[in-house]
């Protein structure tokens, strides 16, 4: 890659923010170099938004793999999360292994002393 990972993260985040629609109906969220676009609208509007996201990233020299840009749907797997808008309320699920891994990573961070996993279980449970 021609950029460092921190530079790539900053670029992806900036592009994602620039793709937000002013009316709030469409947004792109980034996590490192993974992006998730979502919107409120028809399937055709969502697909047009998806294509505009792909074009914007490609124009900046950041082509997106077609396999990683599926057509609009009501559910998706993204960075270990299961996100669904089917049904009366949107839901986000995650595998227990993801929560355990996140707990371990967060527990390894020390700020004014050690942080241990048990106190992290309560906030992580809300994810």
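The values are calculated or read from the model by the stated rules, or taken from the named source; none is laboratory data. Keep in mind that what you see is a predicted model, and the values were worked out from it rather than measured. Quick reminder, even Gly has a Cβ in these numbers, built from the backbone with ideal geometry, and neighbours come from all protein chains shown.
When each of 83, 76 is tested for being at pLDDT below 85, touching a strand residue (DSSP E or B) at 6+ places or on another chain (Cβ under 8 Å), over 18 Å from residue 25 (Cα atoms) and assigned to a strand (DSSP E or B), the lone residue that passes is 76.
Checking the stated criteria, residue 50 turns out to be closer than 25 Å to residue 17 by Cβ, modelled with pLDDT of 85 or more and surrounded by 15 or more Cβ atoms within 10 Å (Cβ to Cβ).
Within the stretch 31-52, can you find the residues that are within 14 Å of residue 15 (Cβ to Cβ), in a strand (DSSP E or B) and in contact with a helix residue (DSSP H, G or I) (Cβ under 7 Å, 6 or more places away or on another chain)? Of everything in the stretch 31-52, those that are within 14 Å of residue 15 (Cβ to Cβ), in a strand (DSSP E or B) and in contact with a helix residue (DSSP H, G or I) (Cβ under 7 Å, 6 or more places away or on another chain) turn out to be 35, 37.
So which residues in the stretch 53-73 are more than 21 Å from residue 14 (Cα to Cα) and at pLDDT 80 or above, if there are any at all? Passing the criteria: 70, 71, 72, 73.
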